[in-house]
Amino acid sequence: MTTTNSPHRCALVTGATQGIGLAIAERLAASGCDLVLHGIEDAAAGTGVARALAAQYGVQAAYVQADLLNADAAAALVEHATAALRAPDILVNNAGIQHTCPVESFPLDRWNAILAVNLTAAFLTMRAAVPGMRERGWGRIVNIASVHGLVASVHKAAYLAAKHGLVGLSKGVALETAAQGITVNCICPGWTDTPIIAPQIEARAALHGGDREAGIRDLLREKQPNLTLLPPARIGDAAVFLCSDAAAGITGVSLPVDGGWTAQ
Ligand SMILES: NC(=O)c1ccc[n+]([C@@H]2O[C@H](COP(=O)([O-])OP(=O)(O)OC[C@H]3O[C@@H](n4cnc5c(N)ncnc54)[C@H](O)[C@@H]3O)[C@@H](O)[C@H]2O)c1
């Protein structure tokens, strides 16, 4: 896809050292973007990931560490990314955490943490990135929400609130930036093969005597009609499309990449 790279774009991807974030970073690098990877790992580990991508794809890459539980750190992330490489033309808010529990026993500290990382951090990075995108007359913001930004499942009170909030927030920022060459969209993945779903797989496997594959089959049969865990690269491909010139007319949408989950 001829995408993001005319001229050479710079992308800041949060939570980019593993899972969906790493896959998005790889796909953006393959399309010619320079990268600022964000993560919670120390500088040596994160810089190692950035150097590997730079060498593999022939782009520039830097690493910025920040704990997005901390609002000050989230608010400063775009500034630190700009200092590490240059101002981001593309912002991907991907970092996220999960906790599953019935609402009546949902711990307040887990609620606050999920809202901070999955929603407040995205607000703070968008708030910081939009002025520069406006000045340059071009910007792409891709927020990784979830099917749980569109529909509900049990035991996910905080995650549902955060992801539905992210979908609404993205629509609002899309409207505020639509006339300035900026698009703001969400991707809403279904079950995707990354560490975040490991506890849910383990819980299901326990109902099948610890059989992990049976646990996965169970989860998929319940919700995801394609009966396949999505490879993270499929989310990366969707992000590259939303950052491309081909998607310049698409803003304020929430794109399910969910094997049919939300069609039901
Ligand atoms: N895997 C799925 O099935 C699935 C489905 C729908 C949506 N998502 C969303 O995709 C996104 C990526 O998740 P993933 O599946 O790759 O899981 P993951 O656990 O592999 O990645 C989560 C990322 O968030 C980062 N992160 C966690 N806590 C952080 C903190 N305090 N500060 C900064 N960064 C922090 C981690 O370092 C990691 O890079 C999340 O927003 C998640 O909600 C995942």
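Here are a few things to note about the model shown:
- In the stretch 94-118, the residues that are over 19 Å from ALA129 (Cβ atoms), near the ligand (Cβ under 8 Å from one of its atoms) and assigned to a helix (DSSP H, G or I): ALA113
- Filtering the stretch 6-22 to residues that are within 14 Å of the ligand (Cβ to nearest atom) and surrounded by 24 or more Cβ atoms within 10 Å (Cβ to Cβ) leaves LEU12, VAL13, THR14, GLY15, ALA16, ILE20, GLY21.
- Each residue in the stretch 219-264 was checked for being among the aromatic types (Phe, Trp, Tyr) and more than 12 Å from the ligand (Cβ to nearest atom), and 1 pass.
- All of GLY260, GLY252, GLY209 fail the test of being modelled with pLDDT of 95 or more, over 21 Å from GLY15 (Cα atoms), of a type outside the set (Val, Ile, Thr) and touching a strand residue (DSSP E or B) at 6+ places or on another chain (Cβ under 7 Å), apart from GLY252.
- Residue-level check: of (1) surrounded by fewer than 24 Cβ atoms within 10 Å (Cβ to Cβ); (2) more than 20 Å from VAL130 (Cα to Cα); (3) within 16 Å of the ligand (Cβ to nearest atom), GLN56 misses just (3).
- Of all residues making up the stretch 198-224, the number that are in contact (Cβ under 8 Å) with a residue 12 or more places away in the chain and assigned to a helix (DSSP H, G or I): 12
- Only listed residue being of a type outside the set (D, E, K, R) and more than 30 Å from SER244 (Cβ to Cβ), chosen from LEU150, LEU207, LEU166: LEU207
- Selection status of VAL130, touching a residue at least 24 places away in the same chain (Cβ under 8 Å), farther than 26 Å from PRO232 by Cα and surrounded by fewer than 17 Cβ atoms within 10 Å (Cβ to Cβ): no
- Taken over the stretch 26-58, residues that are touching a helix residue (DSSP H, G or I) at 6+ places or on another chain (Cβ under 6 Å) and among the small types (Gly, Ala, Ser) amount to 4.
- Residue ID - nearest to the ligand (Cβ to nearest atom), chosen from residues in the stretch 139-186 that are over 18 Å from the mean Cα position of the chain (by Cα) and among the hydroxyl-bearing types (Ser, Thr, Tyr): SER153
- Search result, residues across the stretch 65-93 that are out of contact with any strand residue (DSSP E or B) (no Cβ under 9 Å at 6 or more places or on another chain), within 9 Å of the ligand (Cβ to nearest atom) and under 18 Å from VAL173 (Cβ atoms): ALA74
- One residue stands out among those in the stretch 193-206 that are within 6 Å of the ligand (Cβ to nearest atom) and farther than 14 Å from TYR159 by Cβ: the one that is surrounded by the most Cβ atoms within 10 Å (Cβ to Cβ), which is THR194.
- Flag if ARG86 is touching a Cys at 6+ places or on another chain (Cβ under 6 Å) and more than 23 Å from CYS188 (Cα to Cα): yes
Listed here are the residues, each with its yes/no results for (1) surrounded by fewer than 17 Cβ atoms within 10 Å (Cβ to Cβ); (2) part of a helix (DSSP H, G or I).
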| position | (1), (2) |
| --- | --- |
| ALA162 | no, yes |
| LEU166 | no, yes |
| LEU169 | no, yes |
| GLY172 | yes, yes |
| LEU175 | yes, yes |
| ILE187 | no, no |
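- A Cβ distance below 8 Å, combined with a sequence gap of six or more or placement on separate chains, defines the contacts here; from the stretch 241-260, residues that are assigned to a loop (DSSP other than H, G, I, E, B) reach residues that are modelled with pLDDT under 95 in the pairs CYS243/THR3; CYS243/THR4; SER244/MET1; SER244/THR2; SER244/THR3; SER244/THR4.
The values are calculated or read from the model by the stated rules, or taken from the named source; none is laboratory data. What you see is a predicted model, and the numbers here were worked out from it, not measured in a lab. Cβ atoms come from the backbone with ideal geometry, glycine included; neighbour counts cover every protein chain shown.
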